[in-house]
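Quick notes on the structure that follows.
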Amino acid sequence: MLQAIRNRAQGWIAWIIIILISIPFALFGIQEYLGISSNPVVAAVNGVEIKEDDVQQRLRDFRDNMRLTLGDTYRSEFFEDAVLRPRILDAMIDESVLQQAVEAWNIRISDDQLRAYIQTIPAFQREGRFDKGLYQNALRNRGMSSQGFESAIRIEMALNQLRRGIQDSHFITDAALAEHIRLDEQKRRIDYVHIPVSDFYATSEVTDEAAKAFYQTHQANYRIPEKVKVDYVRLDMAALSALIDLDEATLKAYFDDHRDEFFIAEERKLRHILLATTPGNESTQQQKAMDLLEQLRSGIGFSALAEAHSDDPGSSANGGDLGWVSQGMMVSEFEQAAFALQAGAYSDPVKTEYGYHIIQVDQIRYGDNAGFADLRDEITARYRKQQAEDLYYTYFERMADLAYESPDSLIPAAELVGDSIKQSDWLSRGGQWDGVLSDPKIMNAVFSEEVLQGDNSDLIEIAPIDAVVVRIAEYEPAAVKPFVEVRQEVVAEVAAKLAREKVVETGERLLQKLSDGANLADLAAAESNWEFHAARQITRQQNDMPLEMVNASFLTATPEAGATAYTGAASATGDYFLIAVRAVDDGDVTQLDGDARGARRQSLQNVYSDIEFTQLRQALREQAEVEIY
């Protein structure tokens, strides 16, 4: 193509090309003079700029990761720019502060360290080894250059080195460990009353005006997610196989060239006569086996003797037929004798844990004698796989180019592999996608800015020798369900909200009565006959109680001897708990053995070292000159 342009770019054609190329450069110059930029600086840290494109890329990456992590529970309205952008920018400022500290403290990552780390990343490995082609394709699908990716990894490794240096320098004293165990292993004896929120739930109390007002301020709860129908073309083994010419001569030549790679384990078609043994009859059964062997030698058929005398109910009716057997299927004594015989021969009596066997070999197949006909299916599959692998990267490049060069159509990509364009049913953002489209990378691509605007996606590799290019066939934007459609749901939510407020009001009122001297058990019975639970000892790790209840119990000040401390807690389900703390027993570090004490010391050290690193980051940021535009 470039040569054709060069040959024809003469005279007036050349001038047209020059003018067309000059226009964007001229406009770019005007834009610079006017101070307009398509990629403005949004913040600066000690003069180091953070630009809009960088923030937008972080936003996209974060949303993509959340879609992958949350799956069906992902809600786009929770990740809108207004909420997410300030946090992302704040994190980027912290990162810039730390990067500058890394440079100032001369923390460096060598090329060998970088190379070794990248080669261990599973996404770039095929069959346990680093694959350069896979690495390059993965970066291309993400729109990254190898230099950009390696620079980002180098920065990440240097930051991790800084973090480890801070964390590994922290230590825990014996006194600090003892105090931690005292509090962490502490037990508290409580009484409590459970006040169910359901006692306060009544939809009849919700007026139409209240329901409409709640609906207006909580419309995000009633959104229908955006939906798409997706067109796609797939480049996989099936598509590539259709491009591979198969004929008998080619397969035989391939078999001849790769003979050492093919092997089918030897199989033998066996019959046997089993004379089962029990304690006390072994000699009798052995003699019977010898008698049957003499009958075989006299010319009586094996099948007839097996039907008449074999104690194996699974094979005797079929003349002792065991079918095709390969090594590893039978007990060792039986197998050793069976695989030592020639076809048509039978064995002397063979003793196993089941009794005495006489074994006959009907046929032998495969093993070293396996030929082209025996192995044809495996040869065909192996040849197809090899050819498909050889074709894959060539067709991957060609399909990727076609998807890019014809962004408004998948027809060229489909014609390349001789396949039709497939179309999905309606799929919602964050919903369950099945089949080839179930890979999270597909959903991320479909809802990317470029594809939503009507372009093809990049060619997305979802597995070795499997890639897909997609585009949107139909699109329905997110919408809010009308009030009349969700009225019952809104009323239920308002009733639940009112019930939660009432149960908390009731709990706080009763707490005041307890502070004034009321008895917890009597109060529960007098109010609504709520159940009273007495003398329960709990720990901080109690998992059969609501977390809010456990936390409230341990946040309450230790009562004096003989006294009681009262508190209350609303759980995540809306229920309320009135709690009386009666006694406190502290943990004792001397009760832990050496291994347990060491593990707790290491765990505590990790917590405090993380805190120390956070404090370092905060201090560096306070010292930095940060401007947000």
>> Condition (residue is closer than 30 Å to residue 586 by Cα and either at pLDDT below 95 or of a type in the set (Phe, Trp, Tyr) (or both)) applied to the range 188-210: is it met by at least one residue?
In response: yes
>> Restricting to the range 179-206, count the residues that are assigned to a helix (DSSP H, G or I) and either touching a residue at least 24 places away in the same chain (Cβ under 8 Å) or farther than 21 Å from residue 559 by Cβ (or both).
In response: 12
>> Quick test of your reading of the structure: residue 134 fulfils all but one of (1) in contact with a Pro (Cβ under 9 Å, 6 or more places away or on another chain); (2) part of a loop (DSSP other than H, G, I, E, B). Name the failing condition by number.
In response: (2)
>> Whether any residue in the range 611-626 is part of a strand (DSSP E or B), touching a residue at least 40 places away in the same chain (Cβ under 8 Å) and small (Gly, Ala, Ser) is what I want to check.
In response: no
>> Going residue by residue through the range 94-104, is there one that turns out to be more than 30 Å from residue 465 (Cα to Cα), among the hydroxyl-bearing types (Ser, Thr, Tyr) and in contact with a Lys or Arg (Cβ under 7 Å, 6 or more places away or on another chain)?
In response: no
> Where residues in the range 164-178 are surrounded by 12 or more Cβ atoms within 10 Å (Cβ to Cβ) and touching a residue at least 60 places away in the same chain (Cβ under 8 Å), which of them is farthest from residue 554 (Cα to Cα)?
Replying inline: 166
>> If the requirement is being farther than 16 Å from residue 140 by Cα and polar (S, T, N, Q), which of these qualifies: 438, 457?
In response: 438
>> I'm checking my understanding of the structure. Among residues of the range 319-350 that are in contact with a helix residue (DSSP H, G or I) (Cβ under 8 Å, 6 or more places away or on another chain) and free of Cβ contacts under 8 Å to residues at least 24 places away in the same chain, which one is farthest from residue 274 (Cα to Cα)?
In response: 328
> If you take just the helices (runs of 4 or more DSSP H) that sit entirely in the range 40-131, which of them hold at least 2 residues that are at pLDDT below 85 and closer than 24 Å to residue 226 by Cα?
Replying inline: 52-70, 81-104
> residue 403: in a helix (DSSP H, G or I), touching a strand residue (DSSP E or B) at 6+ places or on another chain (Cβ under 9 Å) and farther than 17 Å from residue 140 by Cβ, yes or no?
Replying inline: no
> If you check 552, 569, 580, which single one turns out to be assigned by TED's automatic domain parsing to the domain that holds residue 502 and either part of a loop (DSSP other than H, G, I, E, B) or closer than 13 Å to residue 195 by Cβ (or both)?
Replying inline: 569
>> Given the options 156, 209, name the one that is among the acidic types (Asp, Glu), within 35 Å of the chain's Cα centre (by Cα), in a helix (DSSP H, G or I) and outside the structural domain of residue 460 (by TED's automatic domain parsing).
In response: 156
>> Can you name every one of the strands (runs of 3 or more DSSP E) wholly within the range 459-544 that holds 2 or more residues which are outside the structural domain of residue 556 (by TED's automatic domain parsing)?
In response: 460-463, 466-476
> Name the pairs: first residue in the range 478-502 and surrounded by fewer than 15 Cβ atoms within 10 Å (Cβ to Cβ), second residue among the polar types (S, T, N, Q), Cβ to Cβ under 6 Å, at least 6 apart or on different chains?
Replying inline: 480/219
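Residues are listed down the side, and each one gets a yes or a no for (1) under 16 Å from residue 576 (Cα atoms); (2) of a type in the set (Asp, Glu):
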{"site": "520", "(1), (2)": "yes, no"}
{"site": "531", "(1), (2)": "yes, yes"}
{"site": "540", "(1), (2)": "no, no"}
{"site": "547", "(1), (2)": "yes, no"}
{"site": "559", "(1), (2)": "no, no"}
> Looking at the range 411-433, which of its residues are under 14 Å from residue 228 (Cα atoms), modelled with pLDDT under 90 and surrounded by fewer than 16 Cβ atoms within 10 Å (Cβ to Cβ)?
Replying inline: 431, 432
>> Residue under question is residue 149, and the condition is that it be of a type outside the set (Gly, Ala, Ser), surrounded by fewer than 16 Cβ atoms within 10 Å (Cβ to Cβ) and in a helix (DSSP H, G or I); does it hold?
In response: yes
> Counting only residues that are small (Gly, Ala, Ser) and exposed (fewer than 15 other Cβ atoms within 10 Å of the Cβ), which one in the range 88-142 is farthest from the chain's Cα centre (by Cα)?
Replying inline: 104
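The values are calculated or read from the model by the stated rules, or taken from the named source; none is laboratory data. A quick note: this is a predicted structure, and the numbers were derived from the prediction, not measured. In this analysis, Cβ positions are derived from the backbone assuming ideal geometry, glycine residues included, and neighbour counts consider all displayed protein chains.
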